[in-house]
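The values are calculated or read from the model by the stated rules, or taken from the named source; none is laboratory data. All of these numbers come straight from a predicted model, not from anything done at the bench. In this analysis, Cβ positions are derived from the backbone assuming ideal geometry, glycine residues included, and neighbour counts consider all displayed protein chains. Just the protein is used for accessible areas: all its heavy atoms, side chains included, with ligands, DNA and RNA removed. Shrake-Rupley method; radii C 1.70, N 1.55, O 1.52, S 1.80 Å.
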Amino acid sequence: MKLQQLRYIWEVAHHDLNVSATAQVLYTSQPGISKQIRLLEDELGVEIFARSGKHLTRVTPAGESILRVAGEILRKVESIKQVAQEFSNENRGSLTIATTHTQARYALPRVIQEFIKQYPDVSLHMHQGTPMQIAEMAADGTAEFAIATEAMEHFNDLIMMPCYKWNRSILVPRNHPLAQKSKPSIEELASFPLVTYVFGFTGRSKLDDAFKGRGLNPKVVFTAADADVIKTYVRLGLGVGIVATMSIDPEKDGDLVAIDAQHLFDHSVTKIGFRKGTFLRGFMYDFIQKFAPHLTKQMVDKAALCHNKAEVDELFADVQLPVH
């Protein structure tokens, strides 16, 4: 069994079983990958992939178990590389972050600007996606850090630490009936068509819970993952917008009326996290603390030793989070 064979089966599984595409990514030949997969299957005595002719059609049950272990081995190999790089050149390397549009657009620019200035030789990469996609990228090693609000609790192998609290605002055109209301009720809000985030994005569950808690079923006429898109459709008169307060720019959005909605909805908490067992380099600790100053190296190391979400929550129970 060779490490290269494990990398081949892992990459094939994560490229929709497309051996040709995998070969292009790995700068090798399609026949070479196919041969190595067959050799590994022959050695193990089981099929990792089911086939129809020459095409791979699915991962077998045995293959699923093998791939889980292969992923762990490959991540350990990557950690060994990170350890070596930290001692050979502590200020050179790469960092991949998976996050949502709201974080990338409104919360991270200052942090990234400062980080790049301090670490010009660190290659920084950002992937945007749904909270579920973000968690998966951190869990499978595609990204070192996940930054999001929702869906993180479904992944037990992620250490997620609280960064800050935030809430929502209502956005309406200046001629809208709600424009003159400083504190509209949840019933008043539910009486209008709503334009807000896709379920699972940017604390949407808190919004849904607030309506359900009052027995209301509002009419959501349009959803988007991008606050700027939501604003566009509010301007078109499609409905009342509900967005993260941090996404509102007093100058650019001056044509709209923003109404603080924290009296209607519970605060949400944005978290940053990494997969258990990840070797954190010095610049990774610095990135975390730039994003959330209370997450010092000492606190992050304590969180990394926690066995479950409950222990992490207990660790940060007395921390006063900033509000964005």
- line: Percent relative contact order for the range 212-303, counting Cα pairs under 8 Å at least six residues apart, stands at 13 percent
statement: Expressed as a percent, the accessible surface of the chain that is carbon or sulfur, using a 1.4 Å probe and the full set of protein chains, is 51 percent
field: Where labels lie 7 Å past Cα in the beta-carbon direction, separation of THR28 and ASP121 in nm
entry: 3.0 nm
- line: With DSSP loop assignment and no more than 13 other C-beta atoms within 10 Å, the trypsin sites (Lys or Arg not before Pro) in the range 179-284 are ARG214, LYS219, LYS252
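Per DSSP H run of at least 4 residues, take -39500 (n - 2.57); add these up for the chain, divide by its residues and hand me the 222 nm value, nearest 500 deg cm²/dmol.
Result for the chain: -12000 deg cm²/dmol, rounded to the nearest 500.
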statement: Connecting every pair of Cα atoms under 10 Å apart in the chain and solving the GNM, the largest mean-square fluctuation among LEU216, LEU236, LEU256 falls on LEU236
message: Between HIS14, HIS125, HIS263, where does the largest GNM mean-square fluctuation fall for the chain, given springs only between Cα atoms within less than 10 Å?
response: HIS14
- prompt: Out of every Cα pair in the range 14-127, what percent are spaced more than 22 Å from each other?
  reply: 55 percent
message: Need the full-extension length gain, ALA304 to PHE199, defined as separation in residues times 0.36 nm minus the C-alpha distance. One decimal, nm.
response: 34.8 nm
message: Expected output is a single nm value to one decimal: the length gained when fully extending between ARG58 and MET132, i.e. 0.36 nm times separation in residues minus the C-alpha distance. What is it?
response: 24.4 nm
task: State, as an integer percentage, the relative contact order of the chain based on alpha-carbon contacts under 8 Å between residues 6 or more apart.
output: 20 percent
message: Running a GNM on the chain with Cα contacts under 10 Å, which residue among PHE49, PHE283, PHE265 ends up with the highest mean-square fluctuation?
response: PHE49
field: Cα point-scatterer Debye curve for the range 196-247, base-10 log of I(q)/I(0) at q = 0.32 Å⁻¹
entry: -1.32
query: Of LYS206/LYS231; LYS117/LYS297; LYS206/LYS290; LYS76/LYS117, which ones are farther than 25 Å apart at the Cα?
result: LYS206/LYS290; LYS76/LYS117
query: How much area per residue is accessible in the chain when the probe is 1.4 Å and only protein heavy atoms are counted (Å²)?
result: 51 Å²
query: Out of the range 59-115, which trypsin sites (Lys or Arg not before Pro) are coil in DSSP terms and have no more than 15 other C-beta atoms within 10 Å?
result: ARG92
message: Straight-line reach from LYS212: which lysines fall under 19 Å, measuring Cα to Cα and dropping same-chain residues less than 8 apart?
response: none
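Where both partners of a DSSP beta bridge lie in the chain, what percent of those bridges are antiparallel, to the nearest 5?
If I count the DSSP bridges inside the chain, around 60 percent turn out antiparallel.
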query: If one puts a single equal scatterer on every Cα of the range 61-195 and applies the Debye formula without solvent, what log₁₀ I(q)/I(0) results at q = 0.12, 0.15 Å⁻¹?
result: -0.69, -0.91
- prompt: Along its principal axes, what span do the Cα atoms of the range 262-302 show, with the longest given first and each in whole Å?
  reply: 41, 20, 15
- line: Mean separation of Cα contacts under 8 Å (at least 6 apart) over the residue count of the range 129-270, i.e. the relative contact order in percent, is 37 percent
